[in-house]
Amino acid sequence: MRLTVLGGSGAWPTPERACGGFLLEHDGFTVLIDPGYGTMPLVPDRVDAVLVSHGHPDHCADLNPLLRARVLGDREFPPLPVHAPPGALDAVLALDKPRMLAGGYVQHDIEPGRTREVGPFRMEAWSLPHHVPNAGLRLTADGRAFAYTGDTGPAPELVELARDADILLAEATYVGRVPEEDAPYLSTAVQAGRTAAAAGVGRLVLTHLWPGTSPEDAEAAARRHFGGAIG
């Protein structure tokens, strides 16, 4: 199981970093997770399925150019399986008339508590607190486990999601404190470190850093609570 980070900026891309986008590969199968702003140019022809945690555009906007490239380009592609919470992709899919992208994708709802097979992966989902419905995702294959929080506030389910995962990809918009109005819906590097420690994960990867945040500061904050590998 191999994870490639395409970007990790929260809210909007910067000249240095695309928004969240991740490739998870196993046994010749590649899943694109959260195609946020700036991620599509890196992956148009090497994706077998797409998973989207929630409908905010910094997590799914580049699904539109990805589908355009696959439908309108010279090369013929099979319909792309796209998994997301119900309604999460309505806005991005409405950017084009339905007939333009017809046949380019097959949409599947992510349902918390229901297990689904995505290529070689077994996918489980948890409903986690955010401003819009957000699915925490856990993918397992051949005894390896990958967990991803999407964007979420504090929740006891996070430890269950991440339990003994080889990699925990955790939202850490802020370093140590979330502004009060967003505290139920977003997390910090400190909280990510605590979750990783409680869940016994092998490696912690921080994502969704607010633009301008020092990755070194975020890593140092998480390291105060988690003694394993970070990054």
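Please treat every number below as a calculation from the coordinates, not as lab data. Just so it is clear, the model here is predicted, and its values are computed rather than measured. Note that we place each Cβ from the backbone using ideal geometry, even for glycine, and neighbour counts take in every protein chain shown.
If you check F22, F29 for being within 22 Å of L93 (Cβ to Cβ) and of a type in the set (F, W, Y), only one passes: F22. Among all residues of the range 122-139, there is none that is surrounded by fewer than 19 Cβ atoms within 10 Å (Cβ to Cβ), aliphatic (A, V, I, L, M) and touching a strand residue (DSSP E or B) at 6+ places or on another chain (Cβ under 9 Å). Just one residue in the set V50, V82 is closer than 22 Å to D166 by Cα, under 14 Å from the mean Cα position of the chain (by Cα) and either part of a loop (DSSP other than H, G, I, E, B) or not acidic (D, E) (or both); that residue is V50. Contact map, the range 132-151: residues that are in contact (Cβ under 8 Å) with a residue 60 or more places away in the chain and more than 9 Å from M1 (Cβ to Cβ) paired with residues that are charged (D, E, K, R) and assigned to a loop (DSSP other than H, G, I, E, B), Cβ distance under 9 Å, separation 6+ or inter-chain. Pairs shown: V132/D151; N134/D151; A135/E111; Y148/D34; G150/D34. Being among the small types (G, A, S), within 18 Å of L32 (Cα to Cα) and outside any loop (DSSP other than H, G, I, E, B) narrows it down to one of A91, A125, so name that one. Answer to the check: A125.
Screening D164 against (1) in contact with a helix residue (DSSP H, G or I) (Cβ under 8 Å, 6 or more places away or on another chain); (2) among the acidic types (D, E); (3) under 16 Å from L24 (Cα atoms) leaves a single unmet condition, (3).
For the structure I just gave you, tell me whether G202 is more than 21 Å from N134 (Cα to Cα), touching an Asp or Glu at 6+ places or on another chain (Cβ under 8 Å), surrounded by fewer than 24 Cβ atoms within 10 Å (Cβ to Cβ) and not basic (K, R). So G202 passes the test. Looking only at residues in the range 205-218 that are of a type outside the set (V, I, T) and surrounded by 21 or more Cβ atoms within 10 Å (Cβ to Cβ), the one that is farthest from L24 (Cα to Cα) is A218.
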